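**Q** First, the structure itself, so that you have it in front of you.
The values are calculated or read from the model by the stated rules, or taken from the named source; none is laboratory data. Just so we're clear, the structure is a prediction, and the values are computed from it rather than from any experiment. All Cβ positions, glycine included, derive from the backbone under ideal geometry; neighbour counts span all protein chains shown.
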Amino acid sequence: MTERSLVEAINLALSRAMTEDESVLVLGEDVGVDGGVFRATAGLIDRFGAERVRDTPISEAVIAGVSVGLAAAGFRPVAEIQFMGFSLTVLDQLVNHASRLRNRTQGRLTCPMVLRAPYGGGIHALEHHSESFEALFTHIPGLRVVIPSSPRRAYGLLLAAIRDPDPVVFFEPKRLYRLAREEVADDGEALPLDQCVTLRNGSDLTVVTWGAMCHDTLMAAKTLEDEGIEAEVIDVATLRPLDFATILTSVEKTGRCLIVHEAVMTGGFGGEIAARLAEHALMSLLAPVKRVTAWDTVVPYPRHESHFIPSPARIAAAAREIMEFA
Amino acid sequence: MVPPTDSKANDAEQSIGNVQLDVHLRIRRIGYIDATGKVHGALPEFADTQELIRLYRAMVLTRVFDEKAIALQRTGRLGTYASSLGQEATPVGVAAAMRSDDVLLPSFREHGAQLWRGVSTEELLLFWGGDERGNDFKGPREDFPVSVPVASHAPHAVGVALAMRLRGEDRAAVCVFGDGATSKGDFYEAINLAGVWRLPVVFVATNNQWAISVPRSAQTAAETLAQKAIAAGVEGVLVDGNDVVSVRAAVETALAKARAGDGPTLIEAETYRLGDHTTADDASRYRDDAEVSAHWKSEPLSRLRQYLTDQGAWDHDDEEALLADCAAQMEVATEAYLAAGPWSPEAIFTHLYATLPADYRDQLAALKREMIND
Ligand SMILES: Cc1ncc(C[n+]2csc(CCOP(=O)(O)OP(=O)(O)O)c2C)c(N)n1
Ligand SMILES: [Mg+2]
């Protein structure tokens with residue numbers, strides 16, 4: 001088996017899907033000869049040709065809209081938006097068409113498309129290149145929102161997303177693209193969508209997170225372990241539809257919950273999880289549910305970025321506060 | 001870059017300064033049967049008497065459908081409805097030019113095209129009556145349903161056309177929208193990409209001179225909508241949208257070009273919205289009656305009836321019989337529509353995803369409880 005980075009795992013899943021299924025095609029800005037600005041589509045054009053690996057003009061709305069048309073007409077487009085910060089114009093297509101076509105036509109036309117975009121900060125990028133507004137997409141019924149947190153999960157979840165009969169937005173934590181490598185078998189095995197992954201078992205508190213924050217949360221959990229606090233870490237993986245059952249079971253066990261996300265707090269997806277815990281877990285909770293998120297500010301330029309994104313220290317401190325409460 | 005030092009420098013110098021570039025801006029305007037029923041030039045091959053009668057009948061059915069739909073809306077039996085009064089030649093001409101296996105991506109005023117292509121009157125009434133089952137066309141299974149967000153379906157047509165091309169099919173996509181739609185970014189992005197990829201797609205801008213209360217002159221400073229194609233490297237064609245023969249001819253030509261691999265076309269069909277924007281609108285608040293009356297003189301039905309009458313191919317009895325026919329058809333459709341089986345509200349969840357995700361179980365159960373308690 002070969003060790004691969006997260007972005008290599010994405011590339012591997014794309015190759016696999018394109019080999020398996022002729023209807024899978026890739027489109028986006030610079031995805032062809034250039035192989036994508038993060039190299040996620042590197043080499044695909046050589047293997048599968050320019051008909052199936054298509055460079056588009058800089059037209060995000062039309063990249064999404066063309067994908068809707070392709071999907072309705074029997075293809076499985078995997079569209080790349082270069083950065084989440086430039087995905088706002090695709091919301092119209094996702095909200096008004098991709099997520100509704102099946103229901104609108106009572107199953108006559110469907111929309112099996114995937115829209116990939118790197119998201120999140122930590123790479124010292126220009127403004128608009130470090131955003132985390134996944135919550136905007138979780139507000140869209142009919143859509144799936146999937147975020148991997150490791151190379152193996154990137155491979156398995158992307159395969160699942162491509163094979164899924166409904167539209168999926170797939171947000172890739174770009175800080176993890178090359179941060180770590182792990183063995184990824186090109187076995188064509190998809191991982192289940194709509195399921196959380198428990199990354200670490202623990203009995204004292206549940207920490208719920210996703211994307212790049214899984215990495216920082218696991219670091220915090222290590223620190224806490226040395227202090228005698230056992231954190232259970234859950235990677236949400238599919239934000240919509242949410243596998244709340246796994247979160248609830250864990251919180252019923254630990255009685256405490258911390259939610260960590262890189263996105264700003266207000267209106268963030270952490271609020272949804274906290275609300276559901278308030279509805280369903282009140283009698284199990286020993287302490288208030290807490291959130292560690294980016295500050296409710298504009299994403300700063302890189303100079304102040306490290307003070308914006310939650311750090312392992314901030315996560316550990318919040319966990320201690322919860323433990324001190326009860 | 002290092003400036004060239006050899007003889008090429010002269011060429012470079014010549015292009016410095018104010019240079020006039022000649023950009024070709026040529027729009028064909030197509031018009032066969034004018035407002036008085038007079039023919040200009042030889043009619044296209046398809047336009048024999050029998051076929052003209054078929055087109056005429058389709059336009060009349062469209063108008064009768066319209067009248068019935070408005071009546072149903074006024075009596076609380078249909079939702080907000082967008083009439084195509086005065087524009088019938090465009091959708092009918094478009095659909096008549098298409099092959100059945102082409103794909104239509106309509107806007108909300110294309111009933112005439114949908115009917116021609118085999119969407120049933122009952123399905124149309126269901127749609128306008130607020131029932132998604134109206135979009136599950138039994139006829140043209142691959143046609144798109146009405147797109148409400150203006151111009152947002154133009155990119156879909158590009159995707160459908162690309163799918164056809166990739167499969168090597170001899171088919172094309174036809175996307176219809178209004179004059180207002182040509183102000184939107186998705187319109188420009190779609191024609192631009194269709195041009196780059198030379199896809200088999202025909203865009204039809206139905207210029208009915210109004211976008212709700214905003215007149216065509218306030219929509220764009222461009223002299224024609226057709227010329228908007230030129231900047232995208234796409235051919236733009238102007239056509240008399242009230243002459244069904246012209247519309248059909250223009251779309252047939254564009255489709256033949258599309259099938260031959262010669263890329264997309266934007267056709268501007270000039271017509272006029274004789275009715276209100278929708279049943280929720282009162283156009284008298286922003287539009288002079290005199291303007292509307294003037295445009296009644298060039299509406300599409302009377303000119304073709306005049307022409308057919310002049311040819312001795314149509315008379316008063318034919319007209320009466322046709323109207324009775326259409327009315328009877330609408331009665332049957334209305335009855336079927338009003339009798340459409342009840343539909344459990346649970347259906348809201350049925351086609352949201354291929355399989356309802358587990359996360360929805362509680363909400364579906366809650367709705368079911370509510371229904372039992374009702
Ligand atoms: C994106 C969008 N903005 C606004 C509306 C509301 N609206 C519905 S129809 C319409 C006017 C459309 O004008 P035009 O494209 O000329 O088509 P017509 O109604 O004349 O057929 C507007 C503004 C809409 N449906 N979609
Ligand atoms: Mg208009």
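**Q** Starting from segment A:269-286, take each residue that is more than 11 Å from A:G255 (Cα to Cα) and list its partners that are aromatic (F, W, Y), counting only C-beta distances under 6 angstrom and pairs at least six apart or across chains.
**A** A:R276/A:F244
**Q** A follow-up question, please. For the subset of segment B:188-206 comprising residues that are β-branched (V, I, T) and more than 16 Å from ligand 2 (Cβ to nearest atom), which member is farthest from B:P91 (Cα to Cα)?
**A** B:V196
**Q** Which of the residues belonging to segment A:262-284 are outside any helix (DSSP H, G or I) and touching a helix residue (DSSP H, G or I) at 6+ places or on another chain (Cβ under 7 Å)?
**A** Within segment A:262-284, A:E262, A:A263, A:G267, A:G268, A:A281 meet the criteria.
**Q** Pick from segment B:143-163 the residues that are more than 16 Å from ligand 1 (Cβ to nearest atom) and facing chain A (nearest Cβ under 7 Å): which of them is surrounded by the fewest Cβ atoms within 10 Å (Cβ to Cβ)?
**A** Residue satisfying both the conditions and the ranking: B:A163.
**Q** Please enumerate the residues belonging to segment A:94-108 that are without any contact (Cβ under 8 Å) to a residue 60 or more places away in the chain and more than 7 Å from chain B (Cβ to nearest Cβ).
**A** A:V95, A:R100, A:L101 - these are the residues of segment A:94-108 that are without any contact (Cβ under 8 Å) to a residue 60 or more places away in the chain and more than 7 Å from chain B (Cβ to nearest Cβ).
**Q** Within segment B:333-374, count every residue that is polar (S, T, N, Q), within 14 Å of chain A (Cβ to nearest Cβ) and surrounded by 14 or more Cβ atoms within 10 Å (Cβ to Cβ).
**A** 1
**Q** Ok, one more. Which of the residues spanning segment B:189-221 are surrounded by fewer than 24 Cβ atoms within 10 Å (Cβ to Cβ) and away from ligand 1 (no atom under 14 Å from the Cβ)?
**A** Hits for segment B:189-221 are B:N192, B:G195, B:V196, B:W197, B:R198, B:A221.
**Q** Also, I was wondering about something else. Can you confirm whether segment B:195-208 contains a residue that is farther than 18 Å from B:T265 by Cβ and touching a Gly at 6+ places or on another chain (Cβ under 8 Å)?
**A** For segment B:195-208, residues farther than 18 Å from B:T265 by Cβ and touching a Gly at 6+ places or on another chain (Cβ under 8 Å): present.
**Q** Still on this structure: Do we find a residue being away from every other protein chain (no Cβ under 14 Å) and either of a type in the set (S, T, N, Q) or at negative phi (or both) anywhere in segment A:46-64?
**A** Yes: segment A:46-64 contains one or more residues that are away from every other protein chain (no Cβ under 14 Å) and either of a type in the set (S, T, N, Q) or at negative phi (or both).
**Q** What are the residues in segment B:73-104 that are among the aliphatic types (A, V, I, L, M) and under 21 Å from B:V158 (Cβ atoms), if any?
**A** B:V94, B:A95, B:A97, B:M98, B:V103, B:L104
Here is a yes/no grid of residues against (1) assigned to a loop (DSSP other than H, G, I, E, B); (2) assigned by TED's automatic domain parsing to the domain that holds B:A339; (3) β-branched (V, I, T); (4) touching a residue at least 12 places away in the same chain (Cβ under 8 Å):
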| residue | (1), (2), (3), (4) |
| --- | --- |
| B:S84 | yes, yes, no, yes |
| B:A96 | no, yes, no, yes |
| B:R141 | yes, yes, no, no |
| B:A151 | yes, yes, no, yes |
| B:C175 | no, yes, no, yes |
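**Q** I'm trying to understand the selection: among the residues of segment B:175-185, which are farther than 20 Å from B:S84 by Cβ and within 16 Å of ligand 2 (Cβ to nearest atom)?
**A** B:S183, B:K184
**Q** Please return the ranges of strands (runs of 3 or more DSSP E) entirely within segment A:1-99 where 1 or more residues are surrounded by fewer than 20 Cβ atoms within 10 Å (Cβ to Cβ).
**A** Correct list: A:2-4, A:53-55.
**Q** Looking at B:S183, B:S213, which is the one that is away from chain A (no Cβ under 12 Å), in contact with a helix residue (DSSP H, G or I) (Cβ under 8 Å, 6 or more places away or on another chain), farther than 21 Å from A:P112 by Cα and touching a residue at least 40 places away in the same chain (Cβ under 8 Å)?
**A** B:S213
**Q** Limited to segment B:32-56, what total is found for residues that are in contact with an Asp or Glu (Cβ under 8 Å, 6 or more places away or on another chain) and in a helix (DSSP H, G or I)?
**A** Number satisfying all stated conditions: 0.
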